[in-house]
Amino acid sequence: MPFKPLDSLPHNRMIMALRESFLALMPLFILMQFVGFVVDLCTWAQWSLPWDALPTLRAMGEFLQFGWPLAMGLALTTHLARAFDVDPLVAAVLVLGVLLVAARVSAQGVGGLNQAWISLGAILLPMVGVWMLRFYLAHLPAVDTRAFAMISPALARTMAYILPFGLSFTSLAALIVFLPGQLQSPLAGLLRELPPELVLVLGAVLVNLLWWLGIHGSIAGGMLTDGVVWATELTPGTNVADLMTGVVYAGGSGCSLALALCLWWYLRDERDRRVLRWALPFAAFNINEPLLFGLPVVGQRNLLVPFVGAPLAGGLVALAALKLGWVEIQIAGPVPWMMPFGLNAWVLSPSPLTLIAVQVAVMGLAIMIYRPYVRAMAAKQSMTEFSRQLAEQLGVGPSQEPHAEGRYNDSVRALQATHTEAQEAMRLVSRGSLHLYYQPKMRAESGRIVGLEALLRLELPDGSVIGPSQFLPVLDRAGFGDMFDSWVLKQIIRDQSMWRAQDFECPVAVNLTAASLGSREAFGFLTSQLQGEGGRNIEVELLESSLSSDLVKVKAHLEELRGKGIKILVDDFGMGYSNLSVFHNAAVDVVKIDRSLLSDASEPRGQALYREICSTLARLGYRLVAEGVETLAEMRFVMACGVHDIQGFWISQPLRAEEVPGAIAGIESRLR
């Protein structure tokens, strides 16, 4: 059984908020790295700048280094607060206030605030702070803010947050003041007692695991171990930091340059490749944040093993080369950590070519470790470009954007068994154009048309028209069914508006997929489409299979629809499940009896079965619709069985939207 938090991490809202926060701050990140690179290069080469600008640049770099985690923390707080329905301004003030309290109580004031701790806090505080606010809001007695709302809605929101904010602020301030000193001593003391080789192994695991979680592993790892890992001497004059940063960490922690090269080779998704075009130049200078947060690599459980394993294996290879005397590292002075691999060998070693050979071997090993994992990930993610094209074709991308990441990651898991079929279905839809047809439904006792069923059709370039059975089921299983539902609803609302302009109105039934009925986000979006004028004369149909899983959630959604005055119909009864106990417990008004049962009624046993089904459903209080009525004899038979409404080719073929108003009058005159 998989460990659930780890299993759900790739599509966790925290990971998506982390990525969006980093991308929003990309200009600041580029400026910070550029200033740092210029300062390090000038210091290493002992260059002087015009107008004695180096001290100014150094001060700017220090300010940016200090301000970056604060900016990242505030951006992350804002994104998380929005994702979890917490006031972003209140959450941001909470996080910033806690960090300032820690600076105030520091013995050296703001300048003495531990850079490592603030970097760690910039990631953890938004998570814990937003969670605390949400927890206290949910569990503390609600504050009556109606009187304040009469003055100002903003004042009412503020009053509701006073107690949750106070409790969260007090708790977090105590933690951030108390924890930094408490976390260092135990780990540092333990590491000092271990052999240097084991310290290297544990350090590699700790640092890269922290990076994979989205936390600056070098800074946070140094803080947690009081710098013991980096300072541990492996051979006289060479410590762990010299070996790992000089030989192993090409592109940054996780051997990110090897990862970037594998991703570039295997990923074909255009969005991912755009991110890689930005990330690769940074990775060449050992800056891996654009890669880790841009794709994101952070939190991708498919990459956890190689992200930790590649630098661990590379560290052991480099250590063996060092112990065997194959390479020699002699550092005369500070070496810019952004110096590209290969070039840095000329500064690190008196035998640069030998060191370069070891660097190449370590990178080759990292590529070999990453290759199968990246290849598998690329195979699973090859649907993303198709899904974006589908969203554009259906016109639902921007409106459903808040749930796009969750939909994609959910679809990746669902696609493992039906990957090829889903790709073929995507290609089929992308080649054609979607249309809605409407099939009339007749009242048995009066012969009047009392409703229409919306039928989805795909028109191909050769002029042929196919039904949804050839593409929709597999795409529904892949997690894209609600996108089609959204398009269908939007089109029905447009068509009804056109009909009203011609003084024609008629209820329209739309068949919703399991994806829309089982997902809170997708269902919420659909109900927003049904607000006001859009919800007039809409009925909802569902297949029995939609009730076969997560019945509690689906039932709650159906009851919500009924509360809005929308009728609920079960479509194709008798085809597949036919479980009365399941949908009898759901909020269903009408049952549509499938054509397959009527076809069997050509024999006496089939007629008896059809009559018995109609009798049973009628006694249970359901209205009945006979589907697939194609002949006069079939119409007379189903009317004798007591159905209320009739639908099928005998009544009418499906009609295009523009044909409906004019065709209905002719159909009614023929049937009376």
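The values are calculated or read from the model by the stated rules, or taken from the named source; none is laboratory data. The model shown is predicted, which means the values in this text are computed figures rather than measured ones. Note that we place each Cβ from the backbone using ideal geometry, even for glycine, and neighbour counts take in every protein chain shown.
Here are a few things to note about the model shown:
- Subset of the stretch 162-196 [in a helix (DSSP H, G or I), over 30 Å from Val86 (Cβ atoms) and either in contact with a Leu (Cβ under 6 Å, 6 or more places away or on another chain) or modelled with pLDDT of 85 or more (or both)]: Leu187, Pro196
- Selection count where residues are at pLDDT 90 or above, over 17 Å from Pro507 (Cα atoms) and touching a strand residue (DSSP E or B) at 6+ places or on another chain (Cβ under 8 Å), scope the stretch 649-672: 1
- For the stretch 451-502, filtered to residues that are in contact with an Asp or Glu (Cβ under 9 Å, 6 or more places away or on another chain) and small (Gly, Ala, Ser), the residue that is nearest to Ile566 (Cα to Cα) is Gly451.
Each row is one residue, and each column tells you yes or no for (1) in a helix (DSSP H, G or I); (2) surrounded by 21 or more Cβ atoms within 10 Å (Cβ to Cβ); (3) acidic (Asp, Glu).
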{"position": "Trp278", "(1), (2), (3)": "yes, no, no"}
{"position": "Phe282", "(1), (2), (3)": "yes, yes, no"}
{"position": "Pro306", "(1), (2), (3)": "yes, yes, no"}
{"position": "Val327", "(1), (2), (3)": "no, yes, no"}
{"position": "Ala361", "(1), (2), (3)": "yes, no, no"}
{"position": "Leu365", "(1), (2), (3)": "yes, no, no"}
{"position": "Arg371", "(1), (2), (3)": "yes, no, no"}
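- Scan of the stretch 594-608 for residues that are in contact with a helix residue (DSSP H, G or I) (Cβ under 7 Å, 6 or more places away or on another chain), modelled with pLDDT of 90 or more and aliphatic (A, V, I, L, M), ordered by number: none
- Failed item in (1) crowded, with 20+ Cβ neighbours inside 10 Å; (2) closer than 23 Å to Cys42 by Cβ, with Pro340 passing the rest: (1)
- When the test is whether a residue is modelled with pLDDT of 85 or more and within 23 Å of Leu163 (Cα to Cα), Leu124 does not pass it.
- Test: Val39 is surrounded by 17 or more Cβ atoms within 10 Å (Cβ to Cβ), more than 26 Å from the chain's Cα centre (by Cα) and at pLDDT 80 or above: yes
- Leu18 outside the structural domain of Asn288 (by TED's automatic domain parsing), over 28 Å from Leu137 (Cβ atoms), touching a helix residue (DSSP H, G or I) at 6+ places or on another chain (Cβ under 7 Å) and at pLDDT below 75: no
- One residue stands out among those in the stretch 617-672 that are closer than 24 Å to Leu458 by Cα and of a type in the set (Phe, Trp, Tyr): the one that is surrounded by the fewest Cβ atoms within 10 Å (Cβ to Cβ), which is Phe649.
One line per residue, one yes/no per condition, for (1) over 26 Å from Ile593 (Cα atoms); (2) out of contact with any Phe, Trp or Tyr (no Cβ under 8 Å at 6 or more places or on another chain); (3) at pLDDT below 90:
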position: Ile466; (1), (2), (3): no, yes, yes
position: Gln470; (1), (2), (3): no, yes, yes
position: Pro473; (1), (2), (3): no, yes, yes
position: Trp487; (1), (2), (3): yes, yes, yes
position: Cys506; (1), (2), (3): no, no, no
position: Leu517; (1), (2), (3): no, no, yes
position: Leu530; (1), (2), (3): yes, yes, yes
position: Gly535; (1), (2), (3): no, yes, yes
position: Val540; (1), (2), (3): no, yes, yes
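- Answer from Leu475, Leu458 - the residue that is over 18 Å from Glu627 (Cβ atoms) and surrounded by fewer than 22 Cβ atoms within 10 Å (Cβ to Cβ): Leu458
- Looking only at the stretch 616-649, and only at residues there that are of a type in the set (Phe, Trp, Tyr) and over 43 Å from the mean Cα position of the chain (by Cα), the one that is farthest from Glu453 (Cα to Cα): Phe637
- Within the stretch 270-314, restricting attention to residues that are among the basic types (Lys, Arg) and within 28 Å of Val38 (Cβ to Cβ), the residue that is modelled with the highest pLDDT is Arg277.
- Given (1) under 21 Å from Pro27 (Cβ atoms); (2) touching a Gly at 6+ places or on another chain (Cβ under 7 Å), index of the condition Ser253 fails: (1)
- Within the stretch 203-231, the set of residues being polar (S, T, N, Q), within 15 Å of Gly254 (Cα to Cα) and without any contact (Cβ under 8 Å) to a residue 60 or more places away in the chain comprises Ser218 only.
- Selection status of Val205, over 21 Å from Gln33 (Cα atoms), in a helix (DSSP H, G or I) and at pLDDT 90 or above: yes
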